[in-house]
Structures are given as C-alpha cells and as structure tokens.
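To start, the structure itself, in structure tokens.
The values are calculated or read from the model by the stated rules, or taken from the named source; none is laboratory data. Please read all numbers here as calculations on a predicted model, not as lab measurements. As a convention, Cβ positions derive from the backbone with ideal geometry for all residues, glycine included, and neighbour counts pool all protein chains shown. Protein only, heavy atoms only, side chains kept; ligands, DNA and RNA dropped before computing areas. Shrake-Rupley method; radii C 1.70, N 1.55, O 1.52, S 1.80 Å.
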Amino acid sequence: LSVTAEVANAGPLARKGLLSFEVYAAGESKPVARGKAEVSVPANNHATSEMKIQIPNAQLWSPETPNLYRLVTRLDGSGARDQVETQVGVRYFTEKDGRLFLNNHRVVVRSSINFGFYPYTVAYPSRELAEKEVRAAKGLGLITLSCHRTCCTPALLDAADRLGLMI
C-alpha cells in the first residue's frame, strides 16, 4: 500500500512529529499492517511523508469484490496530535500491448460521464444520491465513471469504492 501524508504547520516554530499508520481489514479490531515515519515541518509550511506498507495476503479491490481496508493515520509530536481515517482499496491498474488490466485481469472500460449536477445542492451529492448514482451506473453494466471538468466529490468517491465502481 502506498501512503502519502501531508502535515501542515501554521505555527511560527518548526515542529517534529511521528506519523504512525495502521491498516485494518473490514470489521477487524487488530491491524493487519503497520508503519511509522518521522516528519519535520518548517514553520508556516507543510511537509509530505511517503511510505509503502506491506499487507500480508491483501484482498484486492475490484468492481466485483470491492474489498476495502481502513487506514488510520496518527500524528504525535511537539504540541500537536491529530488522527484521520481513510478507506482504501488495494489494486493495481496496468497497460500491456494496448490493453488495460486491473489486478492482472483484462478489463474493457465501459464508462459514462458524470457532469456533477445534483438536485438541491447543485454540485455536491448527498451520500444517498451518490450511492444511487453508483448503483445506477453498475446497473447499466458500467465499470467506471468519468468526472467531467471537475474532481469527483468525496461522497461519490466513497460510494464508488464501497460499491465497486472505478472513477
């Protein structure tokens, strides 16, 4: 699993901290993998930390089996503590001889455009509306949606990961 964490420091002094990463399988309370990295953040600046974490016997994500893990990232350091949880799927997308492969299995991309217009909120779907959109796309036999002229919203990305649709 490739992990990138960005740490911001809005203070007038440089700070050092320790990032810890724990990966949990769905429904599990004990981590299946861990990692740690020290981070130094200059005053009024940010720093990025990148790490690879090995997950033994990782369950791959695909549209047919959208296996997700929970990544818990913690920052402990001088005057700062923070934690964020992220749902992640383990997958790899490659091209060989002009053909596309997901997790070493050939895929034929069947896609549609998401224009990002939603009733009531215009540009941001509710969780329910995002799930409805993903279920409708899958019901049409699509394996992916392309977000047109914008980034997909977190609600749509979350629904796509949970329900098995590539963006």
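What do you reckon, is Thr86 within 30 Å of Ala43 (Cβ to Cβ) and either part of a loop (DSSP other than H, G, I, E, B) or not acidic (Asp, Glu) (or both)? For Thr86, the condition - within 30 Å of Ala43 (Cβ to Cβ) and either part of a loop (DSSP other than H, G, I, E, B) or not acidic (Asp, Glu) (or both) - is met. Taking the range 86-114 as the range and being free of Cβ contacts under 8 Å to residues at least 60 places away in the same chain, of a type in the set (A, V, I, L, M, F, W, C) and within 18 Å of Asp158 (Cα to Cα) as the test, only Ile113 passes.
Taking the range 113-130 on its own, how many of its residues are loosely packed, with under 13 Cβ neighbours inside 10 Å, at positive phi and not hydrophobic (A, V, I, L, M, F, W, C)? Qualifying residue count, the range 113-130: 1.
All conditions in (1) in contact with a Gly (Cβ under 9 Å, 6 or more places away or on another chain); (2) of a type outside the set (Gly, Ala, Ser); (3) in a strand (DSSP E or B) hold for Tyr124, with the sole exception of (3). May I ask you to verify whether Pro56 is surrounded by 15 or more Cβ atoms within 10 Å (Cβ to Cβ) and assigned to a loop (DSSP other than H, G, I, E, B)? No: the conditions fail for Pro56. Comparison of Thr48, Thr73 shows that the only residue that is farther than 29 Å from Ile143 by Cα and open to solvent by less than 30 Å² (accessible area, probe 1.4 Å) is Thr73. Remark: pairs (first residue in the range 1-23, part of a loop (DSSP other than H, G, I, E, B); second residue open to solvent by 50 Å² or more (accessible area, probe 1.4 Å); Cβ separation under 8 Å; 6+ apart in sequence or on different chains) = Leu1/Lys52; Leu1/Gln54; Ala10/Asn44; Gly11/Asn44; Gly11/Gly79; Pro12/Asn44; Ala14/Ser40; Ala14/Pro42.
Name the single residue that is least open to solvent (accessible area, probe 1.4 Å) among those in the range 77-112 being of a type in the set (A, V, I, L, M) and more than 18 Å from Leu163 (Cα to Cα). Checking each candidate, the answer is Ala80. Checked against (1) assigned to a loop (DSSP other than H, G, I, E, B); (2) open to solvent by less than 20 Å² (accessible area, probe 1.4 Å); (3) under 20 Å from Val88 (Cβ atoms), Glu28 passes all but condition (2). Selection of first residues in the range 123-152 that are hydrophobic (A, V, I, L, M, F, W, C) and of second residues that are modelled with pLDDT under 85 and in a loop (DSSP other than H, G, I, E, B), restricted to Cβ pairs under 7 Å at least 6 apart or on distinct chains, gives the following pairs, ordered by first then second residue: Ala123/Gly116; Cys147/Gly116. Is it fair to say Leu100 is within 28 Å of Val32 (Cα to Cα), outside any loop (DSSP other than H, G, I, E, B) and in contact with a strand residue (DSSP E or B) (Cβ under 6 Å, 6 or more places away or on another chain)? So Leu100 does not fit the description; no. Annotation for the range 131-142: no member residue is over 13 Å from Pro66 (Cα atoms), touching a helix residue (DSSP H, G or I) at 6+ places or on another chain (Cβ under 6 Å) and loosely packed, with under 15 Cβ neighbours inside 10 Å.
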